[in-house]
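Below is one structure, written out as structure tokens, with a few remarks after it.
Laboratory data are not the source of any read-out in this text; all were calculated from the coordinates shown. Computed from a predicted structure; not experimentally measured. No Cβ is skipped: glycine too gets one built from the backbone with ideal geometry, and neighbour counts run over all protein chains shown.
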Amino acid sequence: MIDIEALEFHYAHGEFHLTVPRMSVARGEKVAVIGPSGSGKTTLLNLIAGIIRPQQGRVTVADQAVSSFSDAKRRDFRISNIGFVFQDFELLDYLNVLDNILHPYRITGALKLTSQVQQQAIDLANGLGIGDKLKRYSGELSQGEKQRAAICRALLPQPQLILADEATGNLDPRNKGRIIDLLFENIESHGASLLAVTHDHELLPRFDRVIDFLDFRTETAA
Amino acid sequence: MINSLYIAWHYLVFNKLRSATLVACITLIAFLPMALQLVLTESEQMLQSRAASTPLLLGARGSALDLVMKSLYFGDEVPGIVSMQAADEITDTGLGYAIPLYLRFQARNKPIVGTNIDYFDFRKLKLAQGRMLAMLGECVIGASVADEYGLLPGDSIVSSPDTLFDLAGVYALKMNITGVLERSHTADDQAVFVDLNTAWVIEGLGHGHEDLSKTRDSSVILKRTEDNITANAKLFQYTEITEENRDGFHFHGDASIYPLTAVIAIPNDTKAATLLRGRYLENQQYRIVRPTEVIEGLLENLFRIKSVIDSVIAIVGLATVLAIILVFALSVRLRQRELTTIFKLGCSRMTAVKLIAAEIVIILSASSIISAGLLSVVLANAETLVRILIFN
Amino acid sequence: MNTIIRPFIVSLLLLASMAASAADVLTVYTVNYPLAFFAQQIGGKHIKVVLPMPPDIDPAFWEPDVMDIAGFQQADLILLNGAGYSKWLKRASLPRRKLVNTSAAFQHDYISVKQTATHRHGPGGDHSHAGTAFTTWLDLNQAIQQARAIMLALEKHRPEQTDNFRQNFTLLETELDDLDKTIRNTVAKDPEKLFLASHPVYQYLARRYNINLKSMMWEPELVPDNSQWIALQQLLGTHDAKWMMWEGEPDEQSAARLQTSGISSLVFNPCANVPDDGDFISVMKNNIMEIDKVFRR
């Protein structure tokens, strides 16, 4: 699913420099990424998603050389093939749960919002246990319910790859395990791959593989 | 675009206060100058058409504007008084004919116009109901008076005393309504028309009472001589003119000195108009004005004031627009995280522009609809607004 | 075809001209018979004269009703006598523009009358003669001026008929002037003759023709009561008249009782309303004949 070769990346300003000689994630594989803060884990996810481009090297996702795409092509590829789950859920407080789930379909022409898609969203929400919360707004939900809604949003386009950045970071211990279980269930049922950045070592055994960022060389200003 | 509008709509509804404030600001900035223009255009049309249809106006020396506003639009001004002789003098010149006006009194806050029948032909006023006034004590009312108070021919209306506490002041007279005029969309719609003599009865120059030569109550008689019988204040004076007591109504003194507010002079032709105006150039007591000239002066001033108001509104409008831009800019900053998220999800930077644009479209549309609604209300009531703002 | 079309066209033209003529006729309302007579004489077929009061009413004391007022309002011209003749004017709403005060030219010569008691005669109700004497036309020179005022008013409305109106006026003026001269010549025969008048309506007649006349407040159809006879006797003490001038034929009793006091009766009809017979001129001629009998003696 993911192939990275000789990746070199640095921001325009600052001393941060990321080097990833080689990294891969197989189809259907669930991989955790760990590492110290500031090591570039989120930057790696952004490179894989095509949000930013490396100065050198190649990033391939689902056999597509994403790092060589144009901005527009990368965006279209991203929204159709990659789902994001964020630490802070990133739900819009002015939309209800259903509209949040359907949000990607309203912000790009690459996805078409049909009645079938709406039904799929409802089914997905029912599957994640928030089917009765669809008319509620994020301010009325618990942390766990918010993350479930975020997961629904990520999964609805049936992406091939899910990128989770500290998806359980703001959840209590009881919910963390439950959310990971739900995430794993739905990824497995869709046959998607998962690359999850996490600080939560208790969850690591559930993943197929763990990538330690210390294996990659990152340099930052002291 | 539909989706952008959908998202923008929900954002605006969620932030009701912000949205309402923005809509209110833009509505005010859009509505005010247009409403002002509407009212001014309407007032210009009303003022000019009325003035154009009135060739000349004679009144006491003093403010020409007061004279015109009172005589043509029945405003609250109080110009000086002229006498009935002034009307007779115009007629005697043979240069035209005169329509006297006495406008001192009111009935239920509506101006009483004391004049004669010629006024109705002159102003091309037609009856919608009933008949023209014929006898002392009768009146004909304008369409708005009839509508406002639900009055019909056969009803009555009482003149208002000058002040509540003026015991020696004019008495209220109950007047019988004989007719209701068709709506003319002029000041005449708001008026109660009586014969000049009826207005003078209200003034107290004419009155009716029991025949002193036949009274059984000697206590009302102050003095009796061979030629004259003088009554004291005990003598009851009729407050309503009926068929039974109308014959007893009479006037005292020389009618040529009875008061008028103004005289409309209708010259036979242009030359006659010039001659008439020339006669009063040096007159110390009276003046003749051309209402169109006076109104043009007023309108010039009004539009001058409007220019100033427009400038102020423009500056305030500019400040408001800048404030609105600031609000949107701050809003974008506040929503930076949301915008970053949707960018991460896979939309272009243009999407953010579309979302903001959609909000602006919705706000502008809402403002436009509200402004249009308010303007239509102003348009429907322009005549009333002009009357309240300019004449009263 | 010509037998149909031509008469048809002629009929149409005739109808059109009739309609036009009807529209051209001025409607003239007057307040007494003399003015109506003068107007008709001057205006001829170009005017329609309306004297709205009934013939048995003294027009000076007539009170119009709403329908009458409406008629006045619709008129093209309203001829007023002036001198306070129509007391109802102040109580009615008439278009000033159409009003013509026929005696305006001599308004400074009106005769004032002192307060008199109210009285009643005929169906007109109580009234008084106080104020200004109003039988202005009995001074036939004034009558000519009133006729002239009527002519000028008609000319203003129908300037195209000016020549016509002037011609008619001249004829009328000649007749009135003749009457005026005749009365003066008649009175000149005995200028010191004293007269009584049954009613205060001859002020202008007396002034114009220098008739020494004092008025009572009697009615032709009513027999004077005792107080009235006493008043007469008192008056005779300073004004030893031998003739009483009546507006109409006096009651026989009144005439007979006067005769016992050495006072004869004569009728001088002011002709304020439509005469039973004749017209204004013929009535004045009759009046002249009556006074001529007196002055011959």
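A few notes on this one:
- Estimated FRET transfer efficiency when R0 is 51 angstrom, pair A:Glu202-B:Ala24 (beta carbons, to 0.05): 0.40
- Put simply, when B:377-384, C:98-105, B:68-75 are sorted by average Cβ atoms within 10 angstrom per residue, most first, you get B:68-75, C:98-105, B:377-384.
- Contact order relative to length of region A:1-56, as percent, for alpha carbon pairs under 8 angstrom and 6 or more apart: 39
- For B:346-354, mean number of other protein chain Cβ atoms within 10 Å: 5
- Share, in percent, of DSSP beta bridges within chain A that are antiparallel, nearest 5: 50
- Put in line by how crowded their Cβ is, counting other Cβ atoms within 10 Å and starting with the fewest, C:Thr238, C:Thr27, C:Thr170 read C:Thr238, C:Thr170, C:Thr27.
- For the protein assembly as shown, convex hull volume per residue from C-alpha positions, Å³: 320
- Of the peptides C:189-198, B:185-194, B:278-287, the order by per-residue mean of other Cβ atoms within 10 Å, starting with the highest, comes out as B:185-194, C:189-198, B:278-287.
- For region B:43-50, Karplus couplings with θ = phi - 60° (6.51, -1.76, 1.60), whole Hz, Gly/Pro x: 5, 4, 5, 5, 5, 5, 5, 5
- Chain C: relative contact order as a whole-number percent, Cα under 8 Å and 6+ apart: 16
- Among B:Met350, C:Met284, C:Met217, a tally of other beta-carbon atoms within 10 Å of each Cβ gives an order, fewest to most, of B:Met350, C:Met217, C:Met284.
- Counting Cβ atoms of other protein chains within 10 Å of each residue's Cβ and taking the mean over peptide C:273-279 gives 0.
- Relative to the dominant Cα principal axis of chain A, helix A:143-155 is inclined by about 70°.
- For B:Met175, the amide hydrogen comes within under 5 Å of the amide hydrogens of B:Ile157, B:Val158, B:Ser159, counting only partners 5 or more places away or on other chains and with H modelled in the peptide plane.
- Projecting the Cα atoms of B:Ala87, B:Val294, B:Ser160 onto the charge dipole of chain B, computed from C-beta unit charges around the Cα centre, puts B:Val294 farthest toward the positive end.
- With 18 Å as the limit on Cα-Cα distance, the pairs of A:Lys41/B:Lys344; C:Lys189/C:Lys242; B:Lys70/C:Lys90 that go past it are B:Lys70/C:Lys90.
- Charges were assigned to the Cβ only: +1 to each Lys and Arg, -1 to each Asp and Glu. The resulting dipole of region C:18-177 about its Cα centre is roughly 480 debye.
- Amide H contacts of A:His10 (H built 1.01 Å from N, in plane; Pro and chain starts excluded): A:Leu18, A:Gln55 sit under 5 Å, all sequence-distant by 5 or more or on other chains.
- Derived scalar couplings between HN and Hα for region B:121-130 equal 5, 4, 8, 6, 8, 10, 7, 8, 9, x Hz in order, rounded to whole Hz, by the Karplus curve 6.51 cos²θ - 1.76 cosθ + 1.60 (θ = phi - 60°), x for Gly and Pro.
- The listed peptides C:144-153, B:19-28, ordered by packing as a protection proxy, come out as C:144-153, B:19-28 (highest mean of other Cβ atoms within 10 Å first).
- Under Karplus coefficients 6.51, -1.76 and 1.60, residue-wise ³J(HN,Hα) of region C:72-89 in Hz, glycine/proline x: 4, 5, 7, 5, 7, 8, 10, 9, 9, 7, x, 6, x, 4, 9, 5, 6, 4
- Lysine pairs with alpha-carbon atoms under 19 Å apart, region A:66-222, spacing 8 or more or separate chains: 4
- For B:Phe193, the residues whose amide H sits under 5 Å from its own are B:Val113, B:Val140, B:Ile141, B:Gly142, ignoring neighbours fewer than 5 places away on the same chain, with H placed 1.01 Å from N.
- Hits among aspartates and glutamates - C-alpha to C-alpha of C:Lys156 under 15 Å, sequence gap 8 or more where chains match: B:Asp92, B:Asp269, C:Asp24, C:Asp76
- Among C:Ile57, B:Ile90, sorting on how many other beta-carbon atoms sit within 10 Å of each Cβ, with the fewest leading, yields C:Ile57, B:Ile90.
- Average partner coverage of C:81-92, which counts Cβ from other chains inside 10 Å: 4
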